[in-house]
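Nothing in this text is a laboratory measurement; each read-out follows from the coordinates by a stated rule. Keep in mind that what you see is a predicted model, and the values were worked out from it rather than measured. Using ideal geometry, Cβ is built from the backbone for each residue, glycine included, and neighbour counts are taken over all protein chains shown.
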Amino acid sequence: MARRPIIDRTIKALRDKIAGFHAAGETIALVPTMGALHAGHMAIVRRARRRADRVIVSIFVNPAQFAPHEDFASYPRNFDADVAALAGEIDLIWAPSREVVYPEGFATTVVVKGPAVADLEDRFRPQFFGGVATVVTKLFTQCGPDFALFGEKDYQQLKTVTRMAADLDLAVKVIGVPTVREKDGLALSSRNVYLSPSERAAAPALFRTLRASAARIAAGEAIVRVMSEGVIAIEEAGFAIDYFEARHAETLARVEHLHQGPIRLLAAARLGSTRLIDNMPV
């Protein structure tokens with residue numbers, strides 16, 4: 001039977017374990033999550049195991065990154081299943097309560113710019129990256145990792161955290177892990193459970209359009225034309241588009257020509273009540 005990971009819920013217990021890891025000269029990789037783990041998370045965990053001696057997975061649904069109208073209360077949660085999935089895979093689960101992360105009187109937040117204000121996710125979720133940056137900074141200082149691994153599906157988040165860690169001289173290397181997909185190309189996400197059967201059947205059109213658009217741009221077609229035709233294809237598949245953009249892969253600045261790259265295509269669109277995001281390198 002796979003070994004159940006240690007579960008810590010207090011700062012003192014967590015730091016006692018980390019002090020032991022450091023005293024033994026062991027490196028630490030952190031995989032921050034909000035739980036509801038799927039194969040995409042587990043791919044990140046496996047990459048973390050190859051990178052470091054010890055692996056910590058944090059499970060915390062962060063209220064600071066949800067707006068009042070968003071799905072904080074209904075966000076998928078299944079802690080027992082998450083623990084079972086991680087058995088034999090990691091060393092420690094950091095599962096603090098809201099009161100531990102944001103105790104009474106909490107009054108400090110991290111303000112991020114650069115990739116966080118690229119007029120992408122921030123246009124539709126203006127509170128999101130401030131909430132992410134604050135909780136991730138706390139996770140980094142709590143867990144003291146040498147490495148922190150994030151999925152590339154949340155690409156603007158990855159670039160925001162990478163920039164923040166560099167700007168604040170945090171002693172952690174942020175690593176992006178390629179998106180894990182279903183056989184039909186749909187990016188794995190905890191929110192995919194919200195899709196109805198008909199919506200699930202339509203959902204891979206987002207990936208197909210990203211892939212086809214990236215190939216056309218790489219072949220030298222005009223970015224403006226490719227992206228405008230991509231919008232039409234996505235809408236014809238039944239999506240309501242929030243954005244479909246070609247951006248510089250590191251800064252997320254707008255680009256108009258292939259030579260301004262490297263380029264990343266980023267998309268967010270809704271099927272019914274479910275919002276899907278995805279991206280693709282050119």
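Note on ASP80 and ALA19: the model spin-label points, each 7 Å out from Cα along the C-beta direction, lie 3.5 nm apart.
Per residue, the convex hull around the alpha carbon atoms of segment 108-189 comes to 100 Å³. Each 10 Å bin from 0 upward holds the following percent of the Cα-Cα pairs of the chain: 6, 27, 35, 22, 8, 1. Put simply, the C-alpha atoms of segment 197-243 give a gyration tensor, and the ellipsoid matching it has half-axes of 22, 11, 6 Å, longest first. If R0 is 30 Å, the Cβ-Cβ spacing of THR141 and VAL193 corresponds to a FRET efficiency of close to 0.40. Counting charges near ALA212 (Lys, Arg +1; Asp, Glu -1) among other residues having Cβ under 14 Å from its Cβ returns a value of 0. A simple count of charges around ARG200, restricted to other residues whose Cβ falls under 11 Å of its Cβ and scoring Lys, Arg +1 and Asp, Glu -1, yields -3. Shown for segment 31-121 is the translational diffusion coefficient from the Stokes-Einstein equation, using the Kirkwood radius over Cα pairs, a temperature of 25 °C and a viscosity of 0.890 mPa s: 161 µm²/s. In the chain, taking the dipole from charged Cβ atoms about the Cα centre, the farthest positive-side position among HIS38, VAL136, VAL100 is held by HIS38. Each residue, THR251 and ARG123, gets one label point 7 Å from its Cα in the Cβ direction; the gap between the two is 1.9 nm. The lysines within cross-link reach of LYS183, meaning a Cα-to-Cα straight distance under 21 Å and a gap of 8 or more places when in the same chain, are LYS153.
With both labels modelled 7 Å from their Cα along Cα-to-Cβ, the ALA222 to ALA171 distance reads 5.4 nm. The peptide list 131-143, 70-82, 87-99, put in order of mean Cβ contacts within 10 Å with the highest first, becomes 131-143, 87-99, 70-82. Here ARG181 and PHE106 are evaluated by their C-beta separation; at R0 = 35 Å the FRET efficiency comes out at 0.40.
Applying 1/(1 + (r/R0)^6) with r as the Cβ-Cβ distance of ALA39 and HIS69 and R0 = 41 angstrom yields a FRET efficiency of 0.90. Compactness check for segment 190-281: Cα Rg over 2.2 N^0.38 Å is 1.09. Would segment 122-161 count as rounded, prolate or oblate if I go by the C-alpha gyration tensor, calling it rounded below 1.5 in a/c and otherwise prolate when a/b exceeds b/c, oblate otherwise? It comes out oblate by the Cα gyration axes.
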